[in-house]
1. Answer yes or no as to whether ARG29 is without any contact (Cβ under 8 Å) to a residue 40 or more places away in the chain and over 15 Å from PHE91 (Cα atoms).
2. Quick one: ALA138 ticks every box in (1) assigned to a helix (DSSP H, G or I); (2) under 15 Å from the mean Cα position of the chain (by Cα) bar one, so which box is it?
3. From the list LEU25, LEU5, LEU31, LEU46, which residue is over 18 Å from the mean Cα position of the chain (by Cα) and surrounded by 18 or more Cβ atoms within 10 Å (Cβ to Cβ)?
4. Within segment 104-135, how many residues turn out to be closer than 24 Å to LYS60 by Cβ, modelled with pLDDT of 80 or more and either of a type outside the set (A, V, I, L, M) or not in a helix (DSSP H, G or I) (or both)?
5. Can you name every residue in segment 130-151 that is farther than 18 Å from GLN89 by Cβ and of a type in the set (S, T, N, Q)?
6. Quickly run through segment 51-106 and pick out the residues that are free of Cβ contacts under 8 Å to residues at least 60 places away in the same chain, among the basic types (Lys, Arg) and either closer than 21 Å to ILE129 by Cβ or in the same structural domain as ASP139 (by TED's automatic domain parsing) (or both).
7. Between a first residue in segment 138-150 that is under 14 Å from SER118 (Cα atoms) and a second residue that is not polar (S, T, N, Q), which pairs have beta carbons less than 7 Å apart while being 6 or more apart in sequence or on different chains?
8. Assuming PRO98 fulfils every condition listed in (1) more than 26 Å from MET123 (Cα to Cα); (2) within 18 Å of the chain's Cα centre (by Cα); (3) not small (Gly, Ala, Ser) apart from one, which condition is it?
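The values are calculated or read from the model by the stated rules, or taken from the named source; none is laboratory data. Note that the coordinates shown come from a computational prediction; the quantities given were computed from them, not determined experimentally. In this analysis, Cβ positions are derived from the backbone assuming ideal geometry, glycine residues included, and neighbour counts consider all displayed protein chains.
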Amino acid sequence: MSNSLKPQLADAVKAAMRAKDSARLGTLRLLQAAIKQKEVDDQRELSDADITAIIEKQVKQRRESIAAFEQAGRTETAEQEKAEMAVLQEFLPQAAAPEEVEAAIAAAIAEVQGQGVSGAPAMGKVMAIVKAALAGRADMSAVSAQVKARL
């Protein structure tokens, strides 16, 4: 199994230690702990796709925290969360261009409508197709809003 994210993550931890960058090191260690926990729970070695899913989940948590902290007026804590999110996003694939997202949504909607599915069930099927196509490369909450607007 060719895992390129785990060694890349380990190298980043070592570099952060050498640079004495405690904020970055803390974020990377949290990520490593989440990956290790998932491996222990599933009793198997995780693939890059599994690790990407964990990173996406962590980024989503940071986005939600940032919104909550900014709403509560805790800008210092929100800035810390933004810094953590930036570190995590380094390990995600390059973000998809807006045109690419639009094309993936259009293709998924056409495929689902070709199957004769419409309404609420179509939303789930379209999102499943789009999520597979854009895994780790787009904010799925924004994509979901776009799909809902088009259905």
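1. No.
2. Going through (1) assigned to a helix (DSSP H, G or I); (2) under 15 Å from the mean Cα position of the chain (by Cα) one by one, ALA138 breaks only (1).
3. Only one candidate qualifies: LEU25.
4. 3
5. SER144, GLN146 - these are the residues of segment 130-151 that are farther than 18 Å from GLN89 by Cβ and of a type in the set (S, T, N, Q).
6. LYS57
7. Filtered contacts from segment 138-150: VAL147/ILE105; VAL147/MET123; VAL147/VAL126; VAL147/MET127; VAL147/VAL130; LYS148/MET123; ARG150/ILE105; ARG150/ILE109.
8. Among (1) more than 26 Å from MET123 (Cα to Cα); (2) within 18 Å of the chain's Cα centre (by Cα); (3) not small (Gly, Ala, Ser), the lone unmet condition for PRO98 is (1).
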